[in-house]
Amino acid sequence: MDDLAQRLLDGDKRALARGISLVEDDDPAGWALVREVYPHTGKAAIMGLTGAPGAGKSTLISALTKLRREAGREVAVLSIDPSSPFTHGALLGDRIRLTDHFLDPGVFIRSMASRGSLGGLSEATLQAALLMDAAGKDVVLLETVGVGQAEVDIIDHADTVILALMPGSGDSIQALKAGVMEIPDIIVVNKSDHPLTDTMVREIRGVLSLGPKASWRVPIVKTEAARGEGIDELVETIEKHREHIAAEGTLEERRARNLMNEVMELAAVRLRRKLEESLREDESVQEMLQQVVQRKLDPASAAAKLLEREL
Ligand SMILES: Nc1nc2c(ncn2[C@@H]2O[C@H](COP(=O)(O)OP(=O)(O)OP(=O)(O)O)[C@@H](O)[C@H]2O)c(=O)[nH]1
Ligand SMILES: [Mg+2]
């Protein structure tokens, strides 16, 4: 086995960091690495946290990390900022409030920003999460800023999706109401020291009651992450959700669906690249395009011909 893969499987932090950089840079060595370690994945509990800027996602993650560490678990945190042009940990200081954990060898922290990696940020996120899983992390926490479907897509690889809200932020409730985002598994109302907390909880209940009835009733957990309040209850709720999806078979189903989407997404991106390449480089394709422009061949027939050549 490749040395990097072996070191990563042994839990070497530097190997893990190197592996994620390769994946982020869309380096073929990154894909080869994931290929080698993939059979060793599937053990970590993957959690995704999303929410508006400043809602307290990082503070929540820090508090969750503390509890998980006390229980002897190894933790990895991946903070993803879809809107940031920075990369390779440039935002680590500002965005991740995990200073308490920087020196803990049982905690691996990394940030990732939007890059032109193969298949986009969502794919890079999954590859990075797989590497963390392979490196023996028991818990992988994904943080992403925003309350749109794009952010949810990024953390859709998680087994449990948590939406963090803060009192007084109507936008997030609007996003839920308008169906801008899928209903998360757990909703956290953070900053419960704020006087509007209970109003917020009532509003969320109202929105949730409009949604479809499912076997899992989305719990609303009040926390004051900055002081560690409500984190025990959050951990319990996360565990309940995990037990629920395991019992119902939805954990396997969800993972299968996400992996299927991943395969389709990667295949689609690669096919598109190939098609664009032949459009640029193949004269017969350009001639065919000319025929379309001259109204001798219709677009759908041209597309069918193009696909026939590639598949
Ligand atoms: N009053 C109060 N402040 C909090 C609480 N939790 C977090 N904060 C503060 O809220 C601010 C934002 O917290 P973060 O954890 O960085 O929020 P975030 O959602 O990760 O922010 P971004 O990553 O920038 O989107 C910080 O100043 C925290 O100290 C809380 O329970 N109560
Ligand atoms: Mg943050």
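Give the range of the longest stretch in the chain that excludes all trypsin sites (Lys or Arg not before Pro) found in loop regions by DSSP and having at most 13 other beta-carbon atoms within 10 Å.
Between exposed loop sites, the widest span is 44-212.
Around H157, what is the net charge, scoring Lys/Arg as +1 and Asp/Glu as -1 over all other residues with Cβ under 10 Å from its Cβ?
Surrounding charge for H157 is -3.
What share of the DSSP beta bridges in the chain is antiparallel, in percent to the nearest 5?
Here the antiparallel bridges make up roughly 5 percent for the chain.
Considering only protein heavy atoms, what per residue accessible area in square angstrom results for the chain with a 1.4 angstrom probe?
Per-residue accessible area for the chain comes out at 50 Å².
In Å, what Rg and Dmax follow from the Cα atoms of the range 143-182?
Reported Rg and Dmax, both Å: 10.0, 29.
Let me check the size of the range 198-296 from its C-alpha atoms; what are the radius of gyration and Dmax in Å?
Rg then Dmax for the range 198-296, in Å: 24.9, 70.
Can you tell which of L126, L196, L165 shows the greatest fluctuation in a Gaussian network model of the chain with Cα springs below 10 Å?
Answer for the Gaussian network model of the chain: L196.
Run the numbers for D3 and S284: contour at 0.36 nm per residue of separation, minus the present Cα-Cα distance, in nm.
96.7 nm
Net charge within 12 Å of H241 by Cβ-Cβ distance, Lys/Arg positive one each and Asp/Glu negative one each, not counting H241 itself?
Net of charged neighbours comes to -2.
Round to the nearest 10 and give me the degree value, 0 to 90, for the angle of helix 231-248's Cα axis relative to the longest principal axis of the chain.
Computed tilt is about 50 degrees.
Over its Cα atoms, what ratio of radius of gyration to 2.2 N^0.38 Å does the range 125-168 give?
Against the empirical 2.2 N^0.38 Å value, I get 1.29 for the range 125-168.
What is the spread of the Cα atoms of the range 148-259 along each of their three principal axes, largest first, in whole Å?
Answer, in whole Å and largest first: 42, 31, 25 Å.
Using a Gaussian network model on the chain with a 10 Å cutoff between Cα atoms, which of G206, G51, G136 fluctuates the most?
In the Gaussian network model the winner is G206.
Which value in nm describes the separation of the simple spin-label points at E182 and D100, placed 7 Å from the Cα toward the beta carbon?
The two pseudo-label positions are separated by 3.2 nm.
Over the Cα atoms of the chain, how large are the radius of gyration and the largest Cα-Cα distance (Dmax), in Å?
Final numbers for Rg and Dmax: 21.8, 71 Å.
With a 10 Å cut-off between alpha carbons and a GNM built on the chain, which of V23, V292, V207 moves the most?
Greatest mean-square fluctuation among the candidates belongs to V292.
Where the centre of each part is set by its Cα atoms, how far does the range 229-295 sit from the range 1-60, in angstrom?
For the range 229-295 versus the range 1-60, the Cα centre distance is 18 Å.
The values are calculated or read from the model by the stated rules, or taken from the named source; none is laboratory data. The shown structure was predicted, so the numbers you read here are calculated from the model rather than taken from an experiment. Virtual Cβ from ideal backbone geometry, glycine too; neighbours counted across all protein chains shown. Please note that ligands, DNA and RNA were not included when accessible areas were found on the heavy atoms of the full protein model with its side chains. Shrake-Rupley method; radii C 1.70, N 1.55, O 1.52, S 1.80 Å.
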